[in-house]
Amino acid sequence: MKRRSRRKRHNFVVPIIVLIFCCIFTAMVAYGWNARKKNVKVADASKDTTETTVEVNNSETSSEGEISAVSESETSQSAEETTAAPESNPGPDEKVVYFTFDDGPWTGTPRLLDILDQYNIKACFFVTAQYMDTEPLINMLKQIKDRGHNVAVHSLTHNYKKIYASVDAFMADYDAMDDLIFKATGEHSKMLRFPGGSNASYNKAIRPQLLQAIRDRGIVYFDWNSFDGDVEGKKGQELIDQTIKQVNENTHSILLMHDMPSTAFVHDALPTIIERLKADGYKFELLNENTPPRQFAK
């Protein structure tokens with residue numbers, strides 16, 4: 001009887017052990033499957049993050065709404081690190097003037113910067129490499145940027161026949177000037193003013209293709225709706241009067257002036273121009289890539 005009893009107990013214990021082992025094995029398999037699913041989800045999330053970054057980096061030619069939608073998904077830290085130039089969106093009745101200076105810089109530019117500093121006005125300089133050697137030019141461009149102004153491409157050579165010979169010729173000139181700006185400021189320009197304006201007679205043969213090439217690069221080009229008359233020979237009071245008259249014809253005025261040796265007299269007239277425009281109720285904004293552009297040719 002004792003042997004049978006032991007044998008029965010032995011037969012009863014073995015299935016229990018087998019059952020316990022099966023339960024443990026099943027639990028381990030289930031745990032491993034859940035862990036695998038979690039890893040897959042993490043991998044998918046990483047993939048999604050990479051794709052979002054690519055969208056942000058390729059958003060130069062996106063619409064403003066598309067860029068905003070992507071930016072909203074960024075963390076506050078990344079948003080702080082990629083702060084863009086402040087947008088200038090004045091109201092329809094708000095009187096605003098944007099100072100822009102073409103063709104420089106040159107050795108007399110620091111005097112212009114001092115005058116602008118005196119009135120706490122920031123301007124956009126559409127620059128060339130006509131009047132300075134490379135190293136002094138880079139140092140001057142850096143000084144302009146460091147003093148709070150924007151530096152944008154006008155032309156490396158300002159040689160109309162050369163740069164407007166073809167789209168490739170223009171873009172090569174643009175890139176050469178932009179490279180100097182990058183060396184000086186650490187930033188590539190996204191702004192351009194065509195020599196002679198976007199509707200210059202020199203670019204007529206290539207204009208549609210040229211404008212498209214500029215747009216494809218995400219570059220914003222700016223013409224003007226006010227002009228001081230400096231390169232037409234206007235000086236002193238005549239220059240001041242024309243400037244005030246033309247600015248006052250526009251609620252939002254993009255003012256073209258020149259910063260080069262032959263127009264140094266603009267510096268003398270500038271304080272009076274600023275005081276007159278202030279008295280007329282204008283405020284001074286910095287032209288940047290978010291400013292609604294004035295464009296002669298589209």
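The values are calculated or read from the model by the stated rules, or taken from the named source; none is laboratory data. Note that the structure is a prediction, hence the values are computed from the model and not measured. A quick note on method: Cβ atoms are made from the backbone with ideal geometry, for glycine too, and the neighbour counts reach across all protein chains shown. What goes into the accessible areas is simple: the full protein's heavy atoms, side chains included, and nothing from ligands, DNA or RNA. Shrake-Rupley method; radii C 1.70, N 1.55, O 1.52, S 1.80 Å.
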How long is the gain from Gln295 to Asn89 if the chain were fully straight, where each residue apart is worth 0.36 nm and the alpha carbon distance is subtracted? 72.5 nm
Given unit charges at Cβ for Lys, Arg (+) and Asp, Glu (-), the dipole magnitude of the stretch 256-298 about its Cα centre in debye, nearest 20, is 200
With a 1.4 angstrom probe the carbon and sulfur portion of accessible area for the stretch 147-201, in percent, totals 51
Point-charge dipole on Cβ atoms (K/R +1, D/E -1) for the stretch 113-222, about Cα centre, debye to 20: 440
Taking only protein heavy atoms into account and a 1.4 Å probe, give the accessible area per residue of the stretch 141-251 in Å². 45
Within the under-12-Å Cβ sphere about Lys298, not counting Lys298, Lys/Arg +1 and Asp/Glu -1 give a net charge of +2
With label points built 7 Å along Cα→Cβ from the Cα atoms of Asp268 and Ala169, find their separation and express it in nm. 3.8
Determine the distance separating the Cα centre of the stretch 171-214 from the Cα centre of the stretch 87-133; give it in Å without decimals. 18
Considering only the other residues whose Cβ falls under 14 Å of the Cβ of Val151, what net charge follows from Lys and Arg at +1 and Asp and Glu at -1? -1
